[in-house]
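> One structure is given below, represented as structure tokens, and several questions about it will come after.
Readers should treat all values here as calculations from the given coordinates under stated rules, not as data from a laboratory. Keep in mind it's a predicted model, so treat the numbers as computed, not measured. With ideal geometry, Cβ positions are generated from the backbone for all residues, glycine too; neighbour counts draw on all protein chains shown.
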Amino acid sequence: MNIDWSKAPEDATHAGNSPYEKGVVTWFKGISDPASRNYFMNEGSMNAWAISSENLSAWDLIDRPKKQYAWDGVGLPPTGIECEVLWSITHHTYVTCLIIAHDEDRAVFRFTSGPQKGAYHSEIIKDAWMPFQSFRPIKTAEQMAEEEKKKVIDDMQRIYEESMLDYSSRLGHASRPAIKALYEAGYRKQ
């Protein structure tokens with residue numbers, strides 16, 4: 001079921017397609033237990049909450065997604081945000097996690113990827129002995145593409161300079177603009 005949450009009342013906590021009318025989305029709030037018969041519902045055109053006691057077992061209810069909060073990577077990540085946590089200092093690898101709570105200077109989280117997916121853990125922002133930040137924002141597709149582009153250009157330059165050993169001391173990084181132009185023209189390693 002595809003729900004357009006932008007059309008939901010601000011305080012709606014669940015949505016469901018009506019089992020009685022195809023295509024009608026109904027909004028819910030106050031559901032403490034699907035077996036409970038005390039909650040509020042708001043059918044698409046009503047624009048008002050009404051108390052209902054209908055059995056919800058026939059409804060396919062969807063929880064409202066948690067809001068993502070912007071975080072710039074400074075300080076503890078806010079509760080409720082998904083970010084990356086340092087998994088291996090040796091290999092400088094990160095896995096995703098969901099921040100559950102804060103406890104003094106620690107973030108309590110649940111791994112959402114990696115070998116310990118589903119496990120709970122806590123971590124401080126950064127110890128003095130750690131060379132890398134414990135938490136960082138998840139990279140956007142554009143940031144990942146830019147990093148991949150830089151990596152490929154660096155690799156192309158390394159290969160070029162290795163093949164031009166006699167000339168590399170004279171060329172230095174003068175070849176980088178030409179290599180970048182090759183990359184942007186679509187040349188890739190086969």
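> State the extension gain, in nm to one decimal, for the chain segment bounded by Arg158 and Glu146, taking 0.36 nm per residue of separation less the distance between their alpha-carbons.
Numbers: separation 12, 0.36 × 12 = 4.32 nm, distance 1.82 nm.
Taking Arg158 through Glu146 to full extension adds about 2.5 nm, to one decimal.
> In square nanometres and to one decimal, what's the mean projected area of the convex hull around the Cα atoms of the stretch 82-136? Write out the running numbers ahead of the final one.
Numbers: hull surface 14.3 nm².
It is 3.6 nm².
> Beyond 27 Å between alpha-carbons counts as too far, so tell me which of Lys139/Lys189; Lys66/Lys149; Lys117/Lys149; Lys66/Lys139; Lys139/Lys180 fall in that bin. Please list the in-between numbers first.
Values: Lys139/Lys189 25 Å; Lys66/Lys149 33 Å; Lys117/Lys149 30 Å; Lys66/Lys139 19 Å; Lys139/Lys180 23 Å.
Violating the 27 Å Cα-Cα cut-off are Lys66/Lys149; Lys117/Lys149.
> Let me ask something else about it. What is the distance, in nm, between label points placed 7 Å from the Cα along the Cα-to-Cβ direction at Asn55 and at Asp103?
It is 4.3 nm.
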